[in-house]
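Below you'll find the structure, written out as structure tokens, and then a few comments.
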Amino acid sequence: MAGNIVAYLLLALAIRQLKLDLSFPEILAIRSAGGLAIGVALGCRDPSLFREVWHSRLLPHVGRSALHAAGSIAVVWSVANLPLGLVASIDFSGPLFAAAIGIVAFRIWPARYAWIGLALICVGAAMIVLQYENVIGLAIIIPFVGVAVLTSTNILLAILSRKQSTRSILFLMNATQLVIFLALSIVGAEQLHLPSPSLANAAALPHGTTTLALAIVAMAASGYMTQASLSQATRHGTVVQVSALDTLRIPALAIAGALILGEPLNPGLVVPALVIMGGAVLTAILDRSKRG
């Protein structure tokens, strides 16, 4: 999960830089193209990857990839337009959605004391919603939707990872999403009907050709890294644990936003974020539910 935190930080900085020149579908198309290029390179080195992809059942992969594409658009909008500390804190809902999906879909209940951590996460989240609802309005829903959708795709990723290698899963995901995001880029980002930029517009580096190229490389590499690290993490822990540990990027993104992007740390966000982190740690430690 440490690799996922570093990759997500790099991804956030790349998104802020690319939004100066590109639309959200175009940014995500770069991520998919980079991931697909990495997959092709791995396949040329080890042709068994291409054979595994060829013999894969496409429907589950296409369905998961399309769902993941929708969640990715919500997340990219959030990272581009909201303070990084706020976006990271909203990730609290990952463990809650993971627990809910586990109960409904797999009849797997979190361990008894894991509910303490989940309750703390819920309290911290409520504090954040009450604090920012009047400032952001209905746009506050977008990062929550992104977290909910991506949590469900992470669970599907855990299921697929039992039958296929991480490399083949990511190859099919990036190939599918490249088609989706290229189509959206041609149709036009305005068709997504996303709200206007809200609270954050800062980029880490000055606008220019060199910084654009660096951001493209960072976007392509970090997009692959986040999915690869999540796939590996689901092989060693429960989906609730993985979602809980993933929220530990809260301090990393908040500090990066302050030091690199010049976003002031909101004192009112400190207590809710600490409550969420405490709940995440407790959930990760106490959850002993089986991956079903």
Gly268 passes all but one of (1) surrounded by 17 or more Cβ atoms within 10 Å (Cβ to Cβ); (2) farther than 24 Å from Ser168 by Cβ; (3) modelled with pLDDT of 65 or more; which number fails?
(1)
Single condition Gly257 does not satisfy, out of (1) at pLDDT below 75; (2) crowded, with 17+ Cβ neighbours inside 10 Å; (3) in contact with an Asp or Glu (Cβ under 7 Å, 6 or more places away or on another chain):
(1)
At pLDDT 85 or above, buried (at least 17 other Cβ atoms within 10 Å of the Cβ) and not β-branched (Val, Ile, Thr): is that true of Leu156 in this structure?
yes
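Just checking, which of Ala125, Ala114, Ala139, Ala175 is over 17 Å from Leu86 (Cβ atoms), surrounded by 15 or more Cβ atoms within 10 Å (Cβ to Cβ), modelled with pLDDT under 85 and not polar (S, T, N, Q)?
On the way: Ala125 fails: over 17 Å from Leu86 (Cβ atoms); Ala139 fails: over 17 Å from Leu86 (Cβ atoms); Ala175 fails: modelled with pLDDT under 85.
Exactly one residue qualifies, and that residue is Ala114.
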Since Ile159 meets every condition but one in (1) without any contact (Cβ under 8 Å) to a residue 24 or more places away in the chain; (2) assigned to a helix (DSSP H, G or I); (3) more than 20 Å from the chain's Cα centre (by Cα), which condition does it not meet?
(3)
Looking at (1) out of contact with any Pro (no Cβ under 9 Å at 6 or more places or on another chain); (2) closer than 17 Å to Val76 by Cα; (3) modelled with pLDDT of 80 or more, which is the only condition Tyr132 fails?
(2)
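In segment 83-125, what count of residues is obtained for those that are outside any loop (DSSP other than H, G, I, E, B) and either under 14 Å from Met277 (Cα atoms) or not hydrophobic (A, V, I, L, M, F, W, C) (or both)? Don't jump to the end; show me each part of the working.
Taking segment 83-125 as the starting set, the residues that turn out to be outside any loop (DSSP other than H, G, I, E, B) are 84-90, 93-106, 114-125.
The next check asks that each one be either under 14 Å from Met277 (Cα atoms) or not hydrophobic (A, V, I, L, M, F, W, C) (or both); those that pass are 85-90, 93-96, 102, 114, 116-125.
So the answer is 22.
Name the single residue, out of those in segment 274-286 being among the hydrophobic types (A, V, I, L, M, F, W, C) and touching a Leu at 6+ places or on another chain (Cβ under 9 Å), that is surrounded by the fewest Cβ atoms within 10 Å (Cβ to Cβ).
Of all residues in segment 274-286, those among the hydrophobic types (A, V, I, L, M, F, W, C) come to 274-277, 280-282, 284-286.
Then keep just the ones that are touching a Leu at 6+ places or on another chain (Cβ under 9 Å); that gives 275-277, 280-282, 284.
Working: Val275: 21, Ile276: 30, Met277: 21, Ala280: 27, Val281: 16, Leu282: 20, Ala284: 23.
Step by step, filter segment 274-286, then rank; the result is Val281.
The values are calculated or read from the model by the stated rules, or taken from the named source; none is laboratory data. For clarity, every value in this text was computed on a predicted model and none was experimentally measured. Quick reminder, even Gly has a Cβ in these numbers, built from the backbone with ideal geometry, and neighbours come from all protein chains shown.
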